[in-house]
Amino acid sequence: MPLRPGLRRRTTTRSPIKSSKSSKSSKPSKKTEGRRTAFRAAATSLAALSLPLALTGCTSLDTTAPSAVRAQAASGEKAAALGSVDCRRVKCIALTFDAGPSENSPRLLDILKEKQVPATFFLLGKRHIEKYPELVRRMADEGHEIASHTWDHKILTRLEPDEIREELQRPNEEIERLTGRRPTLMRPPQGRTNDTVHEICRELGLAEVLWSVTAKDYTTNDSALIRQRVLDQAGRDGIILLHDIYQGTVPAVPGIIDALKERGYVFVTVPQLLAPGKAEPGEVYR
């Protein structure tokens, strides 16, 4: 983020003032020094808190962690995890892929099938869903969660409400037409969202899902680097962001899966990660 230009320092020249007490007054009192220390600590804390907000491009963003969703669920409710995985008891992590389907998706689906790993796909409409409808059907048929990444990857916070609504409705309609199931999850482009987006998502029955792990695979085609970036950040309840549209990403996936399985992780879809709770429309999860 570019730094704000600083203020020019005003310099003035003063005649030296002689005083027999000058040497004593130049040293701050213990009380003054204590105030300065407290101010510096507060400023440091404020800067640290502001950093995540600057990275997301949001002035304020409340998100809910998967563990909090599970804790809020009614006690005794069955875990909705294909009847076998309960993330309250095992170490879960979710693979998610944005901006597909693409020409790389068949190979990715082959890998996921071979490794028996479910994923969550946040699909783009224009030039993707409309170009590869058979891959959308295959993703659904093979047990993956199908979600929306908008129609044309427009930054939602820059749009008027009607434009936001269109960006969200069009992919939902196409996905429902192809799979028979309307999406309940969406991921805003670049993670940029605000109160207007939340309200429209609530109207459309959509929850927003961000991420906690990113390989920044849009910056490199180095598969080894993509793999290492994911492994360095991975933790329990992690939501991993990848893009199968980039050439280096799909070759990194087998190594990511194998390494995380060795660490004891179980791969689940985002809804499984939240179970027995569920994502609520208009809320944001990370």
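The values are calculated or read from the model by the stated rules, or taken from the named source; none is laboratory data. Keep in mind it's a predicted model, so treat the numbers as computed, not measured. As a convention, Cβ positions derive from the backbone with ideal geometry for all residues, glycine included, and neighbour counts pool all protein chains shown. For the accessible areas, the whole protein counts, side chains as well, though only heavy atoms, and no ligand, DNA or RNA atoms are used. Shrake-Rupley method; radii C 1.70, N 1.55, O 1.52, S 1.80 Å.
Miscellaneous remarks
- Where a residue in the range 207-224 is assigned to a loop (DSSP other than H, G, I, E, B) and its partner, wherever it lies, is open to solvent by 30 Å² or more (accessible area, probe 1.4 Å), with Cβ under 6 Å and at least six apart: LEU210/ARG286; SER212/ARG286; ALA215/ARG229; ASN221/GLN247
- Every condition in (1) of a type in the set (Gly, Ala, Ser); (2) closer than 23 Å to ILE256 by Cβ; (3) buried (at least 19 other Cβ atoms within 10 Å of the Cβ) holds for GLY125 except the one numbered (2).
- Any pair with Cβ under 8 angstrom, 6 or more apart, that starts in the range 91-103 at a residue that is basic (Lys, Arg) and ends at one that is part of a strand (DSSP E or B): LYS91/VAL266
- Sole exception among (1) within 25 Å of ALA65 (Cα to Cα); (2) surrounded by fewer than 17 Cβ atoms within 10 Å (Cβ to Cβ) for ASP222, by number: (1)
- On the stretch given as the range 252-267, residues that are closer than 16 Å to SER223 by Cα and open to solvent by 10 Å² or more (accessible area, probe 1.4 Å) total 4.
- In the range 268-286, the residues that are closer than 15 Å to TRP211 by Cβ and open to solvent by less than 10 Å² (accessible area, probe 1.4 Å) form Cβ pairs under 7 Å with partners that are among the acidic types (Asp, Glu) and in a loop (DSSP other than H, G, I, E, B), at six or more places apart or across chains, as follows: LEU273/ASP237; VAL284/ASP62.
- Search result, residues across the range 103-145 that are assigned to a helix (DSSP H, G or I), within 23 Å of GLY255 (Cα to Cα) and not basic (Lys, Arg): SER105, PRO106, LEU108, LEU109, ASP110, ILE111, LEU112, GLU114, MET139
- Residue within the range 233-251 that is closer than 16 Å to PRO118 by Cα, open to solvent by less than 70 Å² (accessible area, probe 1.4 Å), at pLDDT 95 or above and in a helix (DSSP H, G or I) present: yes
- VAL230 fulfils the conditions (1) touching a residue at least 60 places away in the same chain (Cβ under 8 Å); (2) buried (at least 23 other Cβ atoms within 10 Å of the Cβ) except for a single criterion, (1).
- Total residues in the range 147-177, condition open to solvent by 20 Å² or more (accessible area, probe 1.4 Å) and either part of a helix (DSSP H, G or I) or polar (S, T, N, Q) (or both): 13
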